[in-house]
Amino acid sequence: MTSILGFRSLLLISALLGASHSFAFVMRPSLSRYDLPTSNHLKVQPFHSRVTGTISHSSFQTDLKLSSDEGGTAVAAKKLPPYPKIGDVVRYTDLDGGRKDGQVLVGKISLIQPVLTSNPNEEKQWLLEISELDDMGDGYFGDYPMRERRFKKALRKLPEVSPVLASFVRSADAYKVPMDENKEPKPWYDQYRMDGYEGPAAVKIDQEVVESDAERYSDLKGMLIRDAAIVGAIGALFAQFGYGTEDALIYAAGALAGVGYLFFLSIKTDTLGSPTAKFGKNVSNLRFALPFFVLLGVAIKNIYGGDNKVGFETEGNILNTVTKDQFGAAMIGFLTYRIPLFLRQLQPVLGETVSDVLPGSAGMAMKMAQEAASQETEDLVSLTNTDLTTILLVCGPSGTGKTTLVKKLVSESQGRFIEPEWTDRNLAGAQFEVMDRRGDFLKVESSGRYGLSIDSVLNGVDKDSDKEQVIVVDADVELAKSLTRFEGVRIVGVWVGLDSIEKIQNRTKLQLESGEVKIPDGESADSVLRARVKKIVKDIEYGVISGIFEFTILNDDIEQS
C-alpha cells in the first residue's frame, strides 16, 4: 500500500510542479510492481520547487508537506489512521470466547458516545457500541438475522478496537474482510486516530420528517387507546350476559384501568428526551397502582354495601373482602388492553383483522362496518383516481420459481398481463447514463446493461388497448421496497415461496451445479450457498412483516401454482 500511495503522490506532485518543473525519484525494478523506498518516508528530489499539498484517500487524510532538508531531499508525512464513524467495520476481542488472549470478532459500529468524567481537564474518552457480524467463512462477515441481532451487541472503548478495510459484496450480502496468515481478520490500523476527534458529525434533521413521524405516533397512540376501550366495552357486555351486572361492572372498571395504563405509559413516551422527562417518568409510574385502586374500590363496595355484609367487622387487610370471582373479573378486565396489541402484531403474519378473530356477532358487526367503510373508500378512489396504475407485484426469494411463474402468466394471458420494458444501455447510449444519474431507474441489472425505469412501470400499459392491461413486475425484495415508495399506483402483492428452507436450499444447490448461478472468483460453492440462504431468510422476514403481500403461493408444483 505504501508503494501504491507513494506513486500516486508523485503523480500529484508532478501535476503541481507543472511542465516547467522537473523532478526525479529512484525506483527498484520488480517483477510485479514498482517498489519505492521501504522506509516510512517518500523521498523526492526536486530541482526547482517546493510543494505543500494534501492527499485524501477514503476516510483518512494525509498532509503531504515537501521541503528541502540539508541533503536537498523532501520528506512526505506518514498517513494517519481514520477517525471512527458509525457503520465502520472493526475488529475487537471477546474475553469470553474461550481463548486466553480473547476471541477475535468482527462487527460494525452502531453508536459512538462520550464517556462522562468529573474532571473537565481530562482528555475526552469515547465508548462504542458494536453490532457483531456473523462469520460466514472465507473472510465473509454478514449481519445476523433480526431475531438474534439484539443479543449480539458489545461495548468497547475506542482504543480497544481496530478499523478493518472491508468491502461490501452485494452478491454475498456480506463484507469481505482481509485475513492474516492465522486466518484471523487483519486490521487496517492498530487503533483509530483519537487526537482532535470531536465525535460523530451532526446529522441534519428534516423537520418535515419529524412532524410526519410525530403525527403518525399521535395516530398510533390514539388507535391503541381506542382499541383497548372498544375491546373492554365488548368484554363488559359478554360479562353482563354471562356473569351478571356486578362482575360486568368490576370487569369494566378493570378495563378502564387498562386504558389508563396505556395513557400514563404514553406520558412517559411523550416526555422522553425533554426537560420534563423525569417528571413524566414519575407520573407514568402511577399506572402500576391502577389495578390496586380497582381492587380497593371493590373492597370498599363490599364493606359498605356488599352482599356479604362484612361491614367494619373485617379484621386484617381490607383487600381480604375481595372474593376470587371479583379479583378475577378485575384482573381480566385490566389485562384486556393486551388483546388488541396482540392481534395487531399478528395481523401482518396471519393476514387477519380484528374482525376476523372476534367471535360471534361482535366480529360480524365489526366486519360489516369495515366492509362499508372499504366500499366508501373504493368509491372515492374510483372517482378521484381514474388513472391509478395497477401493478401485480410478484416477489419472493431466489430459487422459488417466481420468474418462471411470471413468464407463464404473461404468455398465457393473451395480452392481459404485460411486463415493463427494460432500457438497454447499448441502445440508449448517453440517455442511459443521464437516466442513471437522475435516479430514474428502480433497478439496474447486475451486468449494468439493463435498467428498469420508473416510467416503464407507471406508463407501460397500452391505454388504447381494448383489454384492461395490468403491469406484472418480477421483483426481488429490494425492487419491491422501491415500488412501495411511489404514489399513484395500486399494488397487488403476491409472495412466492416454498414450504421449507431446505427445499429452497436444494434448488439453489441445483442452480450452482448446473451453472445457472455463477460462482464469483475467489469464492466457493459453499460460501455462495451460505450467503444465499442467509439472504433468503432476510427476504422471508420482509415478506412476513411488510404487510404488502395479499396472496402467498407455495410453488412446489408450477402447474398448480
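The values are calculated or read from the model by the stated rules, or taken from the named source; none is laboratory data. Keep in mind that what you see is a predicted model, and the values were worked out from it rather than measured. Surface accessibility is based on the protein's heavy atoms, side chains included, excluding ligands, DNA and RNA. Shrake-Rupley method; radii C 1.70, N 1.55, O 1.52, S 1.80 Å.
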For this session: Quick one: of Lys79/Lys152; Lys152/Lys509; Lys108/Lys183; Lys509/Lys534, which pairs are farther than 23 Å apart, Cα to Cα?
Result: Lys79/Lys152; Lys152/Lys509
Problem set entry | Order of exposure, largest accessible area first, which applies to Thr323, Thr423 with probe 1.4 Å | Thr323, Thr423
Seminar exercise, completed: Under a 1.4 Å probe, counting only protein heavy atoms, Phe238 has an accessible area in Å², nearest 10, of 120 Å²
Exercise. Could you give the distance between the Cα centres of the range 143-180 and the range 527-556, to the whole Å?
Worked result: 23 Å
Problem set entry | Proximal lysines to Lys467, defined as alpha-carbon separation beneath 20 angstrom and excluding residues fewer than eight positions away on the same chain | Lys407, Lys408
Exercise. For the range 127-167, what relative contact order do you get, as a whole percent, if you take Cα pairs closer than 8 Å and at least 6 residues apart?
Worked result: 46 percent
